Amino acid sequence: MLAEIKGLNEECGIFGIWGHEEAATLTYYGLHSLQHRGQEGAGIVVGGNGTLQFHKGLGLVTEVFSRGELERLTGMAAIGHVRYSTAGGGGYANVQPLLFRSQGGSLALAHNGNLVNADELRFRLEQQGSIFQTTSDTEVLAHLIKRSDEPILKERIKEALTHLRGAFAFLILTETEMYIALDPHGFRPLSLGRLGEAYVVASETCAFDVIGATYEREVEPGELIMINKQGVRSERFAPKVSRSICSMEYIYFARPDSNVDGINIHTARKNLGKQLAVEAPVAADVVTGVPDSSISVAIGYAEATGIPYELGLIKNRYVGRTFIQPSQALREQGVKMKLSPVRGVVAGKRVVMVDDSIVRGTTSKRIVRMLREAGATEVHVRISSPPITHPCFYGIDTSTKEELIAATHTVEEIRQLIEADSLAFLSQKGLLQAIGRPDDSPSCGQCLACFTGQYPTKIGGEYVGTFVQTSRCEY
């Protein structure tokens, strides 16, 4: 999927390692495997030798660490971050990890997610004298930790975390310890692994495969893990509530070779395609998926229907994040710079175009037109998620309802706007069944807020929709 054009982006990915002499290099490889989660900036902080050293910058991981910076980052522990900005905006100052130095020692923070009460906390902290160096919601945690009256750092972190509301997966590194924390609802994925005697943590398990680490377990919602020379210790900073992991991790964000909460992403997406075929079959000659996240879905749809799967759309790998479009005419043709139809596959054919979601509808319309221009006689659009009708406040950049075409248009109206011959979305029930969380399970474990408007936490001081705190999965 063309997230840059489409306007559906996840905030970031985090990686950490404790107890390995090549900590910085392994973090670099881990971040490279998480590059799909953020292309705006990257950074690494290394510790374990009595001080914290860091390097960060704007751009891709390979661009930020291209002039021997890794060789200067020595130590047995490291945390790293790849960023796509949502809360607080972009710029060098907001690239993470954020590093804070004080007389009591240094502390580095890396954060995946979005704090829905960050503005409220920032206002209160500024009233008490805090001065912020960034516009990132991540910095709020550092000020809360510093202002805590608890006698030891672990307790100060636990107290600070209890003030946060929203989605957060944190890595915290000091000169002597690493801390790992996941919000009580577990909105974002976070896994713990081992590499020999070293401990590894990452947003996705694909990072473990890249460095040869083995998966140990998921970090539990509401859990704080402390790692130091004495070993690993786990405590809770919040009581257990129903997990609400973001459904878009399975639909779009995570890499197909990752496992999220024990569920393989490629398998889940194939099942989404199969379920979509059951709910919305259509007579056609070929099935194709919009690269990359929809390929697995298209394969599943093709298998279930018996319609051949073909590579009908090719992604241009060399149009990068910084590609400059020098005129309005070229900006209007942005999709063509990212995607090319395979004329020999689609010409004279009835095409099923499978995609993961429709946000504003502009990209879908352009892709449909491209397929028709390449000779497709019919274009039937199938979407592997329910209509996105509500904004996300937990780390995805759909912050207003006005941005969402499905919030103000019926399916038929959307079909007409994108100029498709037919259009169908996956049902909410079908989504959960395909992922492997049927509605009769004790807890579905999914956040469906962007489809239902039922947010698991307070938004702006109020509960919006239904606050799910029981074990029952509600639509």
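The values are calculated or read from the model by the stated rules, or taken from the named source; none is laboratory data. As the structure is a prediction and not an experimental result, all values here were calculated from the model. Note: ideal-geometry Cβ built from the backbone for every residue, glycine included; neighbour counts use all protein chains shown. Quick note on the areas: whole protein, heavy atoms, side chains included, nothing else; ligands and nucleic acids left out. Shrake-Rupley method; radii C 1.70, N 1.55, O 1.52, S 1.80 Å.
A few notes on this one:
- Taking strands (runs of 3 or more DSSP E) as the structural unit, those lying wholly within the stretch 79-173 and holding at least 1 residues that are surrounded by fewer than 24 Cβ atoms within 10 Å (Cβ to Cβ) and modelled with pLDDT under 90 correspond to 98-102, 105-115.
- Of all residues in the stretch 22-57, those satisfying the criterion of being in contact with a strand residue (DSSP E or B) (Cβ under 8 Å, 6 or more places away or on another chain), of a type outside the set (Gly, Ala, Ser) and free of Cβ contacts under 8 Å to residues at least 40 places away in the same chain are Val46, Gln53, His55.
- Filtering the stretch 336-356 to residues that are modelled with pLDDT of 95 or more and open to solvent by less than 10 Å² (accessible area, probe 1.4 Å) leaves Val346, Val351, Val352, Met353, Val354, Asp355, Asp356.
- Failed condition for Thr362, given (1) touching a Lys or Arg at 6+ places or on another chain (Cβ under 9 Å); (2) over 30 Å from Cys12 (Cβ atoms); (3) open to solvent by 50 Å² or more (accessible area, probe 1.4 Å): (2)
- Residues of the stretch 176-207 that turn out to be of a type in the set (A, V, I, L, M, F, W, C) and touching a Ser or Thr at 6+ places or on another chain (Cβ under 8 Å), as a count: 7
- Lone unmet requirement of (1) surrounded by fewer than 16 Cβ atoms within 10 Å (Cβ to Cβ); (2) assigned to a loop (DSSP other than H, G, I, E, B); (3) modelled with pLDDT of 95 or more for Arg194: (2)
- The residues listed here are Glu332, Glu402; of these, the one that is at pLDDT below 95 and under 30 Å from Gly186 (Cα atoms) is Glu402.
- Of all residues in the stretch 23-76, those satisfying the criterion of being surrounded by 21 or more Cβ atoms within 10 Å (Cβ to Cβ), at pLDDT 95 or above and in a helix (DSSP H, G or I) are Ala23, Ala24, Leu26, Thr27, Tyr28, Gly30, Leu31, Ser33, Val61, Val64.
- Contact annotation: residue pairs with Cβ atoms under 7 Å, 6 or more positions apart or on different chains, pairing a residue in the stretch 303-331 that is in the same structural domain as Gln275 (by the TED database) with a partner that is open to solvent by 100 Å² or more (accessible area, probe 1.4 Å) and modelled with pLDDT of 50 or more, are Ala304/Val278.
- In the set (1) at pLDDT 95 or above; (2) within 25 Å of Pro456 (Cβ to Cβ), Tyr394 fails one condition alone, (1).
- Cβ separations smaller than 6 Å between residues 6+ apart or across chains give the following pairs from the stretch 63-74 residues that are in the same structural domain as Gln53 (by the TED database) to residues that are assigned to a helix (DSSP H, G or I) and among the small types (Gly, Ala, Ser): Leu70/Ala24; Leu73/Ala24.
- None of Ser443, Ser422 is out of contact with any Asp or Glu (no Cβ under 6 Å at 6 or more places or on another chain) and modelled with pLDDT under 70 except Ser443.
- The single condition among (1) part of a loop (DSSP other than H, G, I, E, B); (2) at pLDDT below 95; (3) open to solvent by 20 Å² or more (accessible area, probe 1.4 Å); (4) touching a strand residue (DSSP E or B) at 6+ places or on another chain (Cβ under 9 Å) that Ser293 does not meet is (3).
- Among (1) within 22 Å of Arg269 (Cβ to Cβ); (2) open to solvent by 30 Å² or more (accessible area, probe 1.4 Å); (3) over 27 Å from the mean Cα position of the chain (by Cα) - the single one Lys429 does not satisfy: (3)
- Meets criteria (in contact with a Leu (Cβ under 8 Å, 6 or more places away or on another chain), of a type in the set (Ser, Thr, Tyr), in the same structural domain as Glu310 (by the TED database) and surrounded by 24 or more Cβ atoms within 10 Å (Cβ to Cβ)) for Thr389: no
- Residue list for the stretch 175-191, filter: small (Gly, Ala, Ser) and either outside any loop (DSSP other than H, G, I, E, B) or free of Cβ contacts under 8 Å to residues at least 24 places away in the same chain (or both): Ala181, Ser191
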